[in-house]
Amino acid sequence: MRVQTALADVQTTAAATPWRGRVMLRRGVLTLLVVAQALVGAYYMASVLPYHGGNLLEQALIGLFTLLFTWITVGFWIGLYGFWLRRLGGDPKSLLRRHPEAVLVDTPLARTAIVMPIYNEPVNRTLGGLRTIYRSLESSGQIEHFDFFILSDSREPDVWLSEQAAWQQLCDELGAHGRLFYRRRTLNMNYKSGNVADFLRRWGRSYAYMAVMDADSLMGGDTLLKMVRLMQREPNIGILQSCPTIINAQSLFARVQQFANQVYGPLFSTGLAAMQLGEAAFWGHNAIIRVAPFMRHCGLPHLRGPGLFSGPIASHDFVEAAFMGRAGYEVWLEPELSHTYEESPPSLVDELTRDKRWSKGNLQHLWLMLFEPRLRMAHRMAFLNGILSYLASPLWFAFLVLTTIETTRLVLWPTNYFPLQYSPFPLWPEWHPEWAIGLASSVVFLLFFPKLLAVVDVLLSGRRKAHGGFFSLLLSIVTEILVSALLAPIRMLAHTRYVLEAVFNVTLNWAGQNRSDETRWIDALLNQAPGSILAAIWAGFAWWLDPMFFFWSVPVALPLILAAPTSVLLSKVGIGQALRRKRILMVAEEQQGSALLDDLNSHQILPEFGESAVVRAVLDPVMNRVHQATARSHGGGAKHHRLKQLRSRCLELGPESLNRAEKNLLLTDRESLAWLHRECWRTPAESYWGQAIDNRIRQIWPLRGND
């Protein structure tokens, strides 16, 4: 039945695809270039090794090098092709080239839901972004076509109570009652994809499209209108993905990521989009989705393989794109859509915490890539690309280990002139240092030449003023390269650990993760100590073994030894802002301004009253009624008796006497909220609630002008 439904959809929705022949030609040329370059790299690697691949160890080294060389070669050619297309004025096959602005503006709109799944996020920033999107759409005069949904999976009482309070504030401020909705799931199933699926089951049939935002997403109203109109013009498109730009960076780490995204990103996104066209990937946010086929075809199965490949799919977006393509719909990445933004993690620790989750999700895709039927080859390659983005780290680590073994064997063990078993002919080891230098230089060229082209693209497109001018741009490039060189080995070791944990279902507890904006020294030292100790031992062994091998190891070992101070210093907001004042790592929004960013940063939804959201939910009469409206009645029986005990304890000892589960139960009960509000205002002045009331009056009284 599922196969028949998919075939029927292909027949009814398939339109002419003039891009398909072009994309096959592009991919064919890319494949030839990558394979040819990889073979040349493998040949030179074999030539560099003393026995030219004559034993198992050297064969393993050649194999690992070839895989890694192929990986960076793909990125090199995509960046090069992106530069070429940008110099030509853009890809003629892109959606915006096929549908000029003059045509799009007359296209009628359709009812669209803007959904933001959130989970224990900073409330003012998250809902402030949604407020900015709302106001931008409102200023376009087309707000009547859009509804907004805050989809919460938050479990912390102070967080979800603040979400509900901020939602009420926004509805009042924007006049958005009946257009801005809030729902918090009581049962978290299947992560973010389960949250979106819950929305679709309840409201999906009421909307033609769904624009998905992350907690840090920001998008201009004109961009959203353009995306809806593109979908209206192209009925065979199931998902349209924009290419978000990183903004609002404060720490040095985030500013480096922001600068790299804005300088290098356009080349790679243009090249990637050109190689994918209508078979692109979906990144899970800042995208618009055709609801009906998404509901019909993109439900996620539970994996039924061994170990890692069992249970719910942790990383949903690539899978949903693949399922949409299997149903006959197109998925497009459009890099020329402007005013679509996201934010970078503020520190290396935060980025690696996120990568730990993503690495498991991407590795799960291996099962789908190999065994899921009828997926398009382009989407299987997208799975492979995501897998290699993390698997490349353990491959690099293994290459370093085997290189160390090879060097140790050559230095400490006698030369084996007969490495091939049963061969009567000796194999004389040969060293060609000039070839080794040439091979290393070619790797450096592949890594850095696209960055040079990106700088040329900035200069030729007149964007150097957006980055502070030529000399500021040059200093920024040097800063970004130095920071990237320091971070690469740290990421390599962390990703290797995450991959091993995922594959073997083992958790290696090195230290707790710091989630604050700035990393503390103690957290950095505990997190990075294993890698730093390992690198120091390796470097010491390399020096003892051979000074030349030591110097070869320095670019990897030294960043790992310095990982803790690197992590701390990069997380500092003060350093990031000092460089901004010196016009280093500048981006367009900082130089030229951004109405969206100004609107986001100029308004705070929830003022700071110095009280917890739980206390406010109980004492504030307006908020108490709001929370009652979203709560429910738990009825009688054992649960009712339990609630009476909890609210009595809360009244007598305060909310700190309850654990998280008890607070969640109590504060989702309508009767308990009403009872607590009534009884807490009657407590003596010396009680917990009496002191909270006194503090509240002193906080609010100045705001009322001492009336």
- Given the Cα-Cα distance of ARG357 and ALA578 and 0.36 nm per residue of separation, how much length would full extension add, in nm? 76.3 nm
- Query: Given a 1.4 Å probe and the protein chains all in place, what does the accessible area of LYS572 round to, in Å² to the nearest 10?
  - Reply: 60
- Task: Step through the table entries LYS356/LYS663; LYS192/LYS451; LYS93/LYS451, compare each Cα-Cα distance with 32 Å, and write down the pairs that go over it.
- Result: LYS192/LYS451
- Cβ under 14 Å from GLU163's Cβ, GLU163 left aside: what net charge do those residues give with Lys, Arg +1 and Asp, Glu -1? +3
- Item | Anchor LYS644: aspartates and glutamates whose Cα lies under 12 Å away (excluding residues fewer than 8 positions away in-chain) | GLU662, ASP669, GLU671
- Message: Could you give the length gained by full extension between VAL554 and ALA595, i.e. 0.36 nm per residue of separation minus their alpha carbon distance, to one decimal place?
- Response: 10.2 nm
- Message: Bin width 5 Å, origin at 0, all Cα-Cα pairs of segment 595-653: what percent of pairs per bin?
- Response: 4, 13, 14, 20, 17, 11, 8, 4, 5, 4, 1
- Any chance you could give the angle, 0 to 90 degrees and rounded to 10, that helix 433-460 forms with the longest Cα principal axis of the chain? 40
- Task: In vacuum, with every alpha carbon of segment 71-199 counted as one equal point scatterer, what does the Debye formula give for log10 I(q)/I(0) at q = 0.09, 0.13 Å⁻¹? Two decimals, please.
- Result: -0.44, -0.76
- Would you kindly state how much longer the chain becomes between LEU370 and LEU525 on full extension, computed as 0.36 nm times their sequence separation minus their alpha carbon distance, in nm to one decimal? 51.8 nm
- Identify, among ALA322, SER657, PHE253, the residue whose Cα sits farthest towards the positive end of the charge dipole of the chain, taking +1 on the Cβ of Lys and Arg and -1 on the Cβ of Asp and Glu, with the dipole about the Cα centre. ALA322
- Item | Net charge contributed by nearby residues that have their C-beta within less than 12 Å of ALA322 (K/R +1, D/E -1) | 0
- So what's Rg/Rh here for the chain, counting alpha carbon atoms and using the Kirkwood radius for Rh? 1.00
- Query: For the chain, what is the accessible area per residue in Å² when the probe is 1.4 Å?
  - Reply: 46
- Task: Determine by what factor the alpha-carbon radius of gyration of segment 181-312 differs from 2.2 N^0.38 Å, reporting the quotient.
- Result: 1.22
- Assuming R0 = 41 Å, what is the FRET efficiency of ASN505 and ARG670, from their Cβ-Cβ distance, to the nearest 0.05? 0.45
- Message: I'd like the carbon and sulfur percentage of the solvent accessible area for the chain, probe radius 1.4 Å, heavy atoms only, ligands and nucleic acids excluded.
- Response: 62
- Note on the structure: For TYR182, other-chain or 5+-apart residues with amide H closer than 5 Å (H placed, Pro excluded) are ILE150
- Query: What percent does the relative contact order of the chain come to when contacts are Cα pairs within less than 8 Å and at least six residues apart?
  - Reply: 17
- Message: Need one number: nm distance between label points at ARG155 and VAL35, each 7 Å from Cα along Cα→Cβ, rounded to one decimal.
- Response: 4.9
- With R₀ set to 35 angstrom, the calculated FRET efficiency between the beta-carbons of LEU187 and ARG111, to the nearest 0.05, is 0.80
- Inverse of <1/r> over all distinct C-alpha pairs of segment 73-123, i.e. the Kirkwood Rh in Å, gives 15.2
- Task: Using label points projected 7 Å from each Cα along Cα→Cβ, tell me how many nm separate ARG698 and LEU25, to one decimal.
- Result: 7.7
- Message: Between PHE448 and SER140, how high is the FRET efficiency from 1/(1 + (r/R0)^6) when r is the Cβ-Cβ distance and R₀ = 25 Å? Nearest 0.05.
- Response: 0.05
- Summing -39500 (n - 2.57) over every DSSP H run of at least 4 residues in the chain and dividing by its residue count gives a helix-only mean residue ellipticity at 222 nm, to the nearest 500 deg cm²/dmol, of -20500 deg cm²/dmol
- Message: If I model a spin label as a point 7 Å beyond the Cα along the Cα-Cβ vector, how far apart are those points for GLU656 and ARG380 in nm?
- Response: 6.0
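The values are calculated or read from the model by the stated rules, or taken from the named source; none is laboratory data. Remember, predicted model here, so these are calculated numbers, not experimental data. Note that we place each Cβ from the backbone using ideal geometry, even for glycine, and neighbour counts take in every protein chain shown. Accessible surface is based on the protein model in full, side chains and every heavy atom, while ligands, DNA and RNA are left aside. Shrake-Rupley method; radii C 1.70, N 1.55, O 1.52, S 1.80 Å.
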